[in-house]
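These notes concern the structure reproduced below.
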Amino acid sequence: MAKVKAAAAKKAPAKKPVAKKPAAKAAAKPAAKAAPASKKIASPDKYTMTTMIAYVAEKTGLSKKQAKDCIEAFVEVFTAGMLVGNRVPFGTVGKAYVRERPATKKRIGRNPKTGESVTIPAKPAVRVPKFTYGKAFKESAKKAKIKK
């Protein structure tokens, strides 16, 4: 037993230089994180929540959980702003808001097939979400590729 303790005491000073290596790795990590931001990343083929989270994680260098939290926080603040009644900007794409569609009165219409008169019932006023696109986005949409 005494030999093992003596051997452990002799090996302890040899471990100190090993402790300096992680410090060198820590200095190299920030440079490694900066690389993903400059790297060109292909956009996803399908746009689902999972693929968008993976794209944001890869583009920013965050973990997938952190990217998911960021996206969920954005959606939460976006929705909260709309529900309060504000026009919420979505970058240069456009603005979203809630609008009130007015009530309609009861009226008489015609069945186009038979020509018979039909009473169309009144409809109450309804609040609906609305999105208006920005001018720059409309211009870029004209040049967009469409999948068939």
Sole exception among (1) more than 20 Å from the chain's Cα centre (by Cα); (2) under 18 Å from VAL75 (Cα atoms) for PHE90, by number
(1)
Would you mind finding the one in PRO17, PRO36, PRO44 that is at negative phi and at pLDDT 50 or above?
PRO44
Would you pick out the residues in the range 113-148 that are aromatic (Phe, Trp, Tyr) and either touching a Phe, Trp or Tyr at 6+ places or on another chain (Cβ under 8 Å) or part of a strand (DSSP E or B) (or both)?
PHE131, TYR133
The residue from ALA42, ALA57 that alone is surrounded by fewer than 11 Cβ atoms within 10 Å (Cβ to Cβ), farther than 24 Å from PHE131 by Cα and out of contact with any Pro (no Cβ under 7 Å at 6 or more places or on another chain) is ALA42
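The values are calculated or read from the model by the stated rules, or taken from the named source; none is laboratory data. Source: prediction; values computed, not measured. FYI the Cβ positions are ideal-geometry reconstructions off the backbone, even for glycines, and counts take in every protein chain you see.
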